[in-house]
Amino acid sequence: MDYIIETHDLVKRFGKFTAVDGLSLKVPRGSIYGFVGPNGAGKTTTMRILTTLTRPTSGEAWVAGHNVVQDRRAVRRAIGYMPDEFGVYDDLRVWEYLDFFAACYDIPEGQRRQLTNDLLELVDLTHRRNDMVDKLSRGMKQRLSLARTLAHDPQILILDEPASGLDPRARIEIRELMVELANMGKTIFFSTHILADVENICTDVGIIEAGKMIMQGSMSEMKAQMMPHREIIVTVKDNETAEKVVQLVNEMQDIISVVILDPKGGRARVRIDFAGDDEGVAAINQKLNKADILIYSFQEEMRDLESLFMGVTKGIVT
C-alpha cells in the first residue's frame, strides 16, 4: 500500500516527560485518517513533528516521501497545517487574511484574487469576504482557517482538532468539507477525541494513548478486530418458540453459540453468535422461516465506535 505519512519508533521527550513513546503510524494516500485519543495522549506533539515545528528526540518520520528533519522545506510545501488555535488576526478582513497567506507561499499577486474567491466559495464564506476576521463565529473561523491551509494546493491536510469547540451544526459542516476535500484527492490526517467525527467520515483510524499507538488500520479492519463475530438477535413469541430456534440454529455451520435472553416487551429473544458471512446470516433467517417460526424481528447488532474503542483504551472519550 502507498503510505503518504509514516513514522517509525517516534519519540519526543520534554525533560523527564515522554509525550510520544515509540509511535509508528502509516497513513494511506488519499485516506481520511482519524488520529484518535484523549486529551494529553500525544496527538498535537505528533502533529507538530510531522509539520516540522518540533524535532523528535529519536525515531524517524516521512511526509510525502520527505524526511521531516532533513527535508523540512519540502515537507512544508506538501502539507497544509491547521493548528487547534486560530491565531490573532483581528485587523484583517476575511479576503485579506487569505491573500496574506497566499503571498507567504509566493503565489503571484495577479493570481491571488481569483484564488481567494475560489477558496471562499469552497468553504462557503463568499458572503463574508469583507467582514473583519474577529467578527466571525468560531465555526466560520475554522472554515476560514481550513481555506488558508489550501492556498498552495497541498497534497496533505494535517488538522489538529478541527471540530473542537464547535456547535453540532458547525461540526457537521467541517466534516462535510473534509469529505469534499478528500474527494478532490487530498489526504486528510486529523486529530480528535470526538468519536462521531471518526465514525461518520474516516476510512482509516489510529488510536493513541499515553504517547503509544494502541491500534490502527482501516475502519473495516478495526471493527473486525474488535468485534470478531456477528451477533444476531431474533425476537419470537415465547420461550417455547425460542427453544425451537436454539435447536434449529445449533445445527448450522459457523455457529459459535445460541443463547435465550431475558424477555423484552413480552417477547422471547435469542442471541446468535455467528462467525459466517452475509449469505450465512440469510441462511439462518431462511431456515427459521421454513420451519414456520413466527419472527417478530431478526436484527444484527452493530456496536458503535464508542463501545468498540472503550475495549482497547482506558479513557478515550473525554
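The values are calculated or read from the model by the stated rules, or taken from the named source; none is laboratory data. Predicted model, so just to flag it, every value in this text is computed and none were measured. Neighbour counts are summed over all protein chains in view; Cβ atoms, including those assigned to glycine, are modelled from backbone coordinates with ideal geometry.
The condition of being at pLDDT 95 or above and either more than 29 Å from the chain's Cα centre (by Cα) or not assigned by TED's automatic domain parsing to the domain that holds Ala182 (or both) holds for Gln114. Scanning the range 194-241 for residues that are touching a Leu at 6+ places or on another chain (Cβ under 8 Å), in the same structural domain as Gly165 (by TED's automatic domain parsing), at pLDDT 90 or above and among the hydrophobic types (A, V, I, L, M, F, W, C) gives Ile208, Met213.
Of the strands (runs of 3 or more DSSP E) that lie entirely inside the range 174-248, those containing 1 or more residues that are buried (at least 18 other Cβ atoms within 10 Å of the Cβ) and more than 19 Å from the chain's Cα centre (by Cα) span 230-236. Picking from residues in the range 157-177 that are closer than 11 Å to Gln142 by Cβ and hydrophobic (A, V, I, L, M, F, W, C), the one that is modelled with the highest pLDDT is Leu159. Candidates are the residues of the range 139-162 that are of a type in the set (Gly, Ala, Ser) and either in a helix (DSSP H, G or I) or out of contact with any Gly (no Cβ under 9 Å at 6 or more places or on another chain) (or both); the one that is farthest from Arg48 (Cα to Cα) is Gly139. Right, Tyr81: in contact with a helix residue (DSSP H, G or I) (Cβ under 9 Å, 6 or more places away or on another chain), in the same structural domain as Ser164 (by TED's automatic domain parsing), farther than 29 Å from Ala210 by Cβ and among the hydroxyl-bearing types (Ser, Thr, Tyr) or not? Criteria not met by Tyr81.
Residue pairs whose Cβ atoms lie under 6 Å apart, sitting 6 or more positions apart in sequence or on different chains, and linking a residue in the range 158-172 that is in contact (Cβ under 8 Å) with a residue 24 or more places away in the chain and under 25 Å from Pro28 (Cβ atoms) to a partner that is assigned to a loop (DSSP other than H, G, I, E, B) and polar (S, T, N, Q), are Ile158/Thr51.
Candidates Ala283, Ala268: the one that is more than 37 Å from the chain's Cα centre (by Cα) and more than 15 Å from Glu301 (Cα to Cα) is Ala268.
Can you name every residue in the range 268-294 that is touching a residue at least 24 places away in the same chain (Cβ under 8 Å), surrounded by fewer than 15 Cβ atoms within 10 Å (Cβ to Cβ) and under 13 Å from Thr241 (Cα atoms)? Ala291, Leu294 - these are the residues of the range 268-294 that are touching a residue at least 24 places away in the same chain (Cβ under 8 Å), surrounded by fewer than 15 Cβ atoms within 10 Å (Cβ to Cβ) and under 13 Å from Thr241 (Cα atoms). Just one of the listed residues (Arg148, Arg171) is closer than 23 Å to Leu115 by Cα and either surrounded by fewer than 21 Cβ atoms within 10 Å (Cβ to Cβ) or basic (Lys, Arg) (or both), and it is Arg148. Here's a check for you: in the range 93-127, which residue that is assigned to a loop (DSSP other than H, G, I, E, B) and of a type in the set (Asp, Glu) is surrounded by the most Cβ atoms within 10 Å (Cβ to Cβ)? The residue in question is Asp124.
Restricting Val11, Val68, Val27, Val36 to residues that are over 15 Å from Ile158 (Cα atoms), in the same structural domain as Leu181 (by TED's automatic domain parsing) and not hydroxyl-bearing (Ser, Thr, Tyr) narrows the list to Val11.
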